[in-house]
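Following: one structure in structure tokens, then a few remarks.
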Amino acid sequence: MSSPDGDSIPEPAAGNLYPGDAGELPLETRRALVHLLAGPSLEARRHPKLWPVLVRDEIVIRRHLAELFLDLVMDADQKVAFTRQADVGEIDSPMLLRRSPLTFLDSILLLYLRQCLTQADTKGERAVVSVDEIQEHLSVYQAAASTDRAGFAKRVHASIEKMKKSNMLQKIRASEDRFEVSPTLKLLFSAEEIQALTKLFDRMAAGEAIAVPSSEAPDEETE
């Protein structure tokens with residue numbers, strides 16, 4: 001076999017997937033690894049072929065992610081997983097993943113979606129929300145976020161689009177304005193964080209002037 005410039009390309013060795021392949025992982029394991037790196041998450045319901053592979057090869061996948069200074073966050077009960085930058089302490093390591101800052105409305109929306117998951121769990125249902133429900137919930141924070149109604153509506157729309165892009169909101173087939181909330185959110189907010197944020201935002205909704213702590217979006221993408 002020859003390359004376009006005439007150089008010889010070695011044939012795939014036994015067990016290799018393509019000419020020049022120096023990898024050792026099986027094809028399906030590589031696919032699961034690449035999906036985790038591409039993000040934002042791997043879920044059993046949405047990726048029924050990849051999830052069993054991740055469960056089977058969790059140790060080896062964790063090892064390969066660690067080579068890139070990444071952690072695997074995995075919940076076997078919720079059947080969701082994603083990657084995040086490892087806490088490497090004082091080590092000067094490159095950042096493979098980039099994070100997007102959360103706006104005030106992004107934070108409010110994430111908390112609302114997390115609460116929807118909790119309520120759905122108690123009923124044994126899937127967490128489904130509509131655009132109208134989101135807009136109604138966020139409207140009580142308009143005074144804290146903006147006095148411009150048109151500008152506020154645009155910011156709400158931008159927050160919804162950000163959640164869709166990060167797969168926190170997953171489109172329901174045959175519906176343009178209803179979405180399922182991703183169970184990945186359960187791994188991003190602890191019970192203590194939910195309680196603290198709820199109290200903070202309730203005070204803001206009541207008109208109390210409070211500085212909002214800076215935060216970052218949960219969706220991480222490779223650069």
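The values are calculated or read from the model by the stated rules, or taken from the named source; none is laboratory data. All values derive from a computational prediction rather than experimental measurement. A quick note on method: Cβ atoms are made from the backbone with ideal geometry, for glycine too, and the neighbour counts reach across all protein chains shown.
Within 11 Å of ILE108 (Cα to Cα), modelled with pLDDT of 85 or more and out of contact with any Cys (no Cβ under 6 Å at 6 or more places or on another chain) - does that describe any residue in the stretch 149-159?
Initial filter on the stretch 149-159 (within 11 Å of ILE108 (Cα to Cα)): 156, 159.
If we keep only those that are modelled with pLDDT of 85 or more as well, we get 156, 159.
Adding the requirement that they be out of contact with any Cys (no Cβ under 6 Å at 6 or more places or on another chain) leaves 156, 159.
Yes, the stretch 149-159 has at least one match.
Is it the case that ALA120 is closer than 28 Å to ALA174 by Cβ, in contact (Cβ under 8 Å) with a residue 12 or more places away in the chain and in the same structural domain as GLU161 (by TED's automatic domain parsing)? Spell out how you get there, then give the answer.
Numbers: closer than 28 Å to ALA174 by Cβ: yes; in contact (Cβ under 8 Å) with a residue 12 or more places away in the chain: yes; in the same structural domain as GLU161 (by TED's automatic domain parsing): yes.
Criteria met by ALA120.
Scan the stretch 37-53 and give yes if some residue there is among the charged types (D, E, K, R), part of a helix (DSSP H, G or I) and out of contact with any Ser or Thr (no Cβ under 7 Å at 6 or more places or on another chain), otherwise no. Reasoning before the result, please.
As a first pass, look at the stretch 37-53 and keep what is among the charged types (D, E, K, R): 43, 45-46, 49.
Retained after the next criterion (residues that are part of a helix (DSSP H, G or I)): none.
Checked the stretch 37-53: no residue is among the charged types (D, E, K, R), part of a helix (DSSP H, G or I) and out of contact with any Ser or Thr (no Cβ under 7 Å at 6 or more places or on another chain).
Here is a yes/no grid of residues against (1) touching an Asp or Glu at 6+ places or on another chain (Cβ under 6 Å); (2) exposed (fewer than 14 other Cβ atoms within 10 Å of the Cβ); (3) modelled with pLDDT of 80 or more:
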residue	(1), (2), (3)
PRO19	no, yes, yes
ALA22	no, yes, yes
ALA32	no, no, yes
LEU37	no, no, yes
PHE69	no, no, yes
GLN78	no, no, yes
GLN85	no, no, yes
GLY89	no, yes, yes
ARG98	yes, yes, no
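Pairs under 9 Å by beta carbon, first residue on the phi < 0 side of the Ramachandran plot in the stretch 173-184, partner aromatic (Phe, Trp, Tyr) and modelled with pLDDT under 90, six or more apart or different chains?
THR184/PHE82
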